[in-house]
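Data block below; observations after.
The values are calculated or read from the model by the stated rules, or taken from the named source; none is laboratory data. Computed from a predicted model, the values in this text were never measured in an experiment. Counting neighbours? That spans all protein chains shown, and the Cβs are built from the backbone with ideal geometry, glycine included. In case anyone asks, the SASA skips ligands and DNA or RNA and just uses the protein heavy atoms, side chains included. Shrake-Rupley method; radii C 1.70, N 1.55, O 1.52, S 1.80 Å.
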Amino acid sequence: MSLARRATPEDAEELVRLRKVMQDSCHGPNPDVSWQPAAAATLRARLSDPAGTLTAYVVERPGPGGGLAACAVGTIEYRLGGPGNPEGTSGYVFSVATDEDMRRRGCSRACMEGLLGWFRERGVRRIDLRASSEGEPLYTSLGFVRTSDPAMRLSL
């Protein structure tokens, strides 16, 4: 069983590298890495605040060379409360990734369990994510279910 730990600002570059692993796995390889410095800077800043609304859980790669093997990143959003969610808090999970050679070893599960524990500690009772077909069995085993909510997006 892999042990996950909460990410630190020093993990930012590796978290961005794993985000690219996830994106390439889902959408095919993309040589554009121009977004990575800004993403790493954002992560460094947001992970610096232990009471902040964004965190990540990571599993370190064993052996020489170091780095991370897997991660799960999540954020808390605050909206107006309503029935079933009076506080209006929602969690969102994104950038769940494992290096290809480290898959099927429990790394993503360990990261997700750490992240779900963080959400529970903060009183977040509703957590959303978008699942790839490869990731769906893991999320289902953790209790996630498909919803009927249609997603829409506006890019400005």
If you fit an axis through the alpha-carbon atoms of helix 12-27 and take the longest principal axis of the Cα set of the chain, what angle between them do you get, 0 to 90°, nearest 10? 80
Segment 88-156, accessible surface, carbon-and-sulfur percent (1.4 angstrom probe): 49
For A131 and E77, compute 0.36 nm times the residue count separating them, minus their Cα-Cα distance, and round to one decimal in nm. 17.5 nm
Longest the chain segment clear of trypsin sites (Lys or Arg not before Pro) sitting in DSSP loops (not H, G, I, E or B) with at most 16 other Cβ atoms within 10 Å runs 1-78
Degrees between helix 107-121 axis and first principal axis of the chain (Cα, 0 to 90, nearest 10): 40
Rank S141, S155 by accessible area, highest first, at a 1.4 Å probe radius? S155, S141
Accessible heavy-atom area order of C71, C26, highest first, probe of 1.4 Å: C26, C71
Under a 1.4 angstrom probe, counting protein chains only, how are Y57, Y92 ranked by accessible area, largest first? Y92, Y57
Just the accessible area per residue of segment 12-67, please: how many Å² with a 1.4 Å probe? 56
Among (i) 18.1; (ii) 16.4; (iii) 15.6, the value of Kirkwood radius over Cα pairs in Å computed for this structure carries the label (ii)
Taking Cα pairs under 8 Å and at least six residues apart, what relative contact order does segment 9-156 come out at, in percent? 20
Going 7 Å from the Cα of Q23 in the Cα-to-Cβ direction, what parts of segment 96-119 have a backbone nitrogen less than 16 Å from that spot? 96-98
What does the charge count near G67 come to, summing +1 for each Lys or Arg and -1 for each Asp or Glu among other residues with Cβ under 9 Å from its Cβ? -1
